[in-house]
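Each value in this text was obtained by applying a stated rule to the coordinates, not by laboratory testing. Values in this document were obtained by computation on a predicted structure and should not be read as measured data. Neighbour counts run over all protein chains shown; Cβ positions are idealised from the backbone, glycine included.
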Amino acid sequence: MTKAWTVTGLTRHIGNLFAEDASLADVTVSGEISNFKHHSSGHMYFTLKDEESVIKCAMFRTANSRLRFRPEDGLRVLVHGAVTVYGPAGTYQLYPDRMEPDGLGSLYLAFEQRKAKLEKEGLFDPSVKRPIPFLPRVIGVVTSPTGAVIRDIRNVLFRRFPEATLLLAPSSVQGAEAPASLERALQSLQAFPEVDVILLARGGGSLEDLWPFNDENLARAIRRCRVPVISAIGHETDFTIADFAADLRAPTPSAAAELVMPDSEALRGHLSQLETRTRIAFRRRLEMERLRLERLSARPVLLRPLTSLDFRRQSLDGLQMRLRNVMAGNLSRTQNRISVLAGKLHALSPLQVMSRGYATVAREDGHIIGRMAGIHPGETIRVRFHDGSLDARVEAVHPSAMPQ
């Protein structure tokens, strides 16, 4: 029997075989990412698979820090690196030093991923866009102080509106330091309260050249800006994250200058037309009011105002006479009725009856006695005549023989 290998010895031997094969130190593998994990150490661990096989991968921080996109499960990639044996697990692994999307550029993929993230946060929502002022007092410009962009903006702007005021905040527009430089320029312009709008401009270039304008922090700085921002980056077909974050996108820097300030000659022409239309409208209204005044002046009430007043006075006199007659008639009828009622009341008065020889009899408490019942001999009564009264004592009671 041959000498037995130890597990470690065999694993190391296999590792040496891998190391001796130079072709395994420079491989490019196509596959789909699964089980992706970005460790807190910065290293990335994932599995690369196709329809039939899988291979484990470990991409260390120094290598993955150069990636332009964010790996994720389900993404097809091209991975370059070396294959070797991982002794503790007894498996072979791929250690990538480069990774690219398979069929899609890394910069473009990074752009799409960043755009989707910020759009989901609502950073591009139309409801957060600020209106562009019609006649800004001062126009801020963030761009390179050299080159054609600032010259184009100045030429177009001052040709359209010579009285315009432009304030330049110079910035780097390309390279690794550009995003921070652009943010500082935006911040510096906000220190001037008279700045009403800012142009963020750059000439055309490749995706790599325009990459600083895809910076996430720059997009957030645009939304935090206190004044509206117009993006004017590259050519009409170029789109950046800054374009989506801005309040308005112009296809070119020259077009931005046209959008931000109206043409003074066209504006004067429009104002002249408005003035002419206002004069015509005013004259027409004045003529209408003059004719109306003439029609009103021709009315009798204005030609002979006292005539109408005399009619009213005469009518008032007639109403007063009718009122007096009605009141006099009502008073006479009321007086006659009172006289009739007074006569009837006088005829029914007890005093009138007593004047014909009748009298009333009452007890000492004043209660009138109308019947014999209840009167007893010896009782004191008061007899009242029409001209006086007397007190008497009942000596005897003689009931009537007539039926009650």
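At a 10 angstrom cut-off on C-beta neighbours, averaged per residue, how do the peptides 65-74, 284-293, 109-118, 133-142 rank from highest to lowest? Kindly include the intermediate steps, with their values, before the conclusion.
Working: 65-74: 13.8, 284-293: 10.0, 109-118: 16.0, 133-142: 18.9.
Those peptides, ordered most packed to least, come out 133-142, 109-118, 65-74, 284-293.
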Inset, instruction - Along each of the three principal axes of the Cα atoms of segment 7-104, give the extent in whole Å, ordering the values from largest to smallest. - result: 41, 28, 23
Legend entry - Calculated FRET efficiency for the pair THR146/ASP102, C-beta based, R₀ 30 Å, to 0.05: 0.15
Legend entry - Value of Rg to Rh for the chain (Rh from inverse mean 1/r over Cα pairs, i.e. Kirkwood): 1.72
Legend entry - Two-site label geometry, GLU208 and ASN330: point separation in nm, points 7 Å out along Cα→Cβ: 11.2 nm
Legend entry - Contour minus Cα-Cα distance for ILE338 and THR2 (0.36 nm per residue): 105.0 nm
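How high is the FRET efficiency from ALA116 to ARG154, r the C-beta distance, R0 51 Å, rounded to 0.05? Kindly include the intermediate steps, with their values, before the conclusion.
Working: r = 37 Å, r/R0 = 0.73.
Step by step, r from the Cβ atoms, then E = 0.85.
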Inset, instruction - For ARG184 and ARG279, calculate 0.36 nm times their separation in residues minus their Cα-Cα distance, and state this gained length in nm to one decimal. - result: 29.1 nm
Inset, instruction - Mind checking segment 117-197 for GluC sites (Glu not before Pro) that DSSP puts in a loop (not H, G, I, E or B) and that have at most 12 other Cβ atoms within 10 Å? - result: GLU121, GLU163, GLU177, GLU194
Inset, instruction - Place a label point 7 angstrom from the Cα of GLU289 along the Cα-to-Cβ direction, then list the residues of segment 244-283 whose backbone nitrogen is under 17 Å away. - result: 278-283
Legend entry - ³J(HN,Hα) computed for each position of segment 80-91 - Karplus, 6.51 cos²θ - 1.76 cosθ + 1.60, integer Hz, glycine/proline x: 10, x, 10, 9, 8, 8, 9, x, x, 9, x, 10
Inset, instruction - Compute the label zone of VAL29 within segment 73-89: residues whose backbone N is under 14 Å from the point 7 Å along Cα-to-Cβ. - result: 77-86
Inset, instruction - Express in nm, to one decimal, how much length is gained between ASN217 and LEU390 on full extension, taking 0.36 nm for each residue of separation and deducting their alpha carbon distance. - result: 49.5 nm
